[in-house]
Amino acid sequence: RARDENNWYWWNLGGWNNTKHAVERCLGGGKTIVSNEVPGSIETGRWYDIRVEVQGRRIRCYLDGELVHDFEDMPLPALYASASRNEQTGELILKVSNAGSQPISATLQLDGVGGQKFSARVISLTADHPDAENSLDEPKRVAPKTSRRRNLGSEFRHTFPPHSFTVIVLEK
């Protein structure tokens, strides 16, 4: 489960000043403990038998044949969203990020707007790969694309491309 130097899992044995063991996940360079924390230490100069089994979301970690961790890591949500309102213009602004590698079709529900109809400006920044970047040869490989949607109600569906950040500006 190691993708690159900023995205990986590791079994931290004798961590936290040699006081406990835990499995950590590093996502985008930030680490989080994803297993239970078990008291334990590691002796210097001693050999240990270490076994890690990964089956789907289930992870089992054995130290000298003893099961230390047995848990299911929850999948990371691929879709993140926030909403705000521009009080001066009355626009509703939705910001949605699809961190996954597949398109996600989602129903967006706007509470408190009654039976209003909206038109929308949709600005999407997407790439074919999460590490994609522009270059002199491909200066627009990652560039925003704008489209329009009309006659949207308080609930509508939208498909968010993989590896994308989308801003939907809803106007009355």
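The values are calculated or read from the model by the stated rules, or taken from the named source; none is laboratory data. Model, not experiment: these values are computed from the prediction. So basically every Cβ, Gly included, is an ideal-geometry build from the backbone, and we count neighbours across all protein chains shown. Just the protein is used for accessible areas: all its heavy atoms, side chains included, with ligands, DNA and RNA removed. Shrake-Rupley method; radii C 1.70, N 1.55, O 1.52, S 1.80 Å.
Among Gly65, Gly45, Gly115, which one shows the biggest mean-square fluctuation in a GNM of the chain, springs joining Cα atoms closer than 10 Å?
Among Gly65, Gly45, Gly115, the largest GNM mean-square fluctuation belongs to Gly45.
Name the lysines eligible as straight-distance cross-link partners of Lys117: C-alpha to C-alpha under 28 Å, and not fewer than 8 places from it in the same chain.
Qualifying lysines at Cα under 28 Å: Lys95, Lys145, Lys172.
In percent, how large is the relative contact order of the chain, given Cα pairs closer than 8 Å and 6 or more residues apart? Mind dumping the intermediate values first?
On the way: 345 pairs, mean separation 30.2, N = 172.
RCO, the chain: 18 percent.
Compute the whole-percent fraction of alpha carbon pairs in the chain spaced more than 26 Å apart. Each step should come with its number before you reach the end.
On the way: 7496 of 14706 pairs.
Value for the chain: 51 percent of Cα pairs lie more than 26 Å apart.
Give me the accessible area per residue for the chain, probe 1.4 Å, as a whole number in Å².
65
Calculate what fraction, in whole %, of the accessible area of the chain sits on carbon and sulfur atoms when a 1.4 Å probe is rolled over the protein chains.
Working: 5530 of 11150 Å².
On the chain, the fraction of accessible area on carbon and sulfur atoms equals 50 percent.
Scan region 20-68 for trypsin sites (Lys or Arg not before Pro) in coil per DSSP, keeping those whose Cβ has at most 15 other Cβ atoms within 10 Å, and list them by number.
Listed in order of number, the matching sites are Arg46, Arg57.
Mind listing P(r) for region 120-172? All alpha-carbon pairs, 5 Å bins, whole percents.
Pairs per bin, as whole percents: 4, 17, 26, 19, 14, 9, 6, 3, 1.
By what distance, in whole Å, do the Cα atoms of region 30-84 stretch along each of the three principal axes, largest value first?
Taking the Cα atoms of region 30-84, the three principal extents are 57, 23, 15 Å.
What distance in nm separates the simple spin-label points at Glu91 and Gln109, each placed 7 Å from Cα in the Cβ direction?
Roughly 2.7 nm, to one decimal.
With N denoting the number of residues in region 53-144, provide Rg(C-alpha) divided by 2.2 N^0.38 Å, to two decimal places.
The value comes to 1.72.
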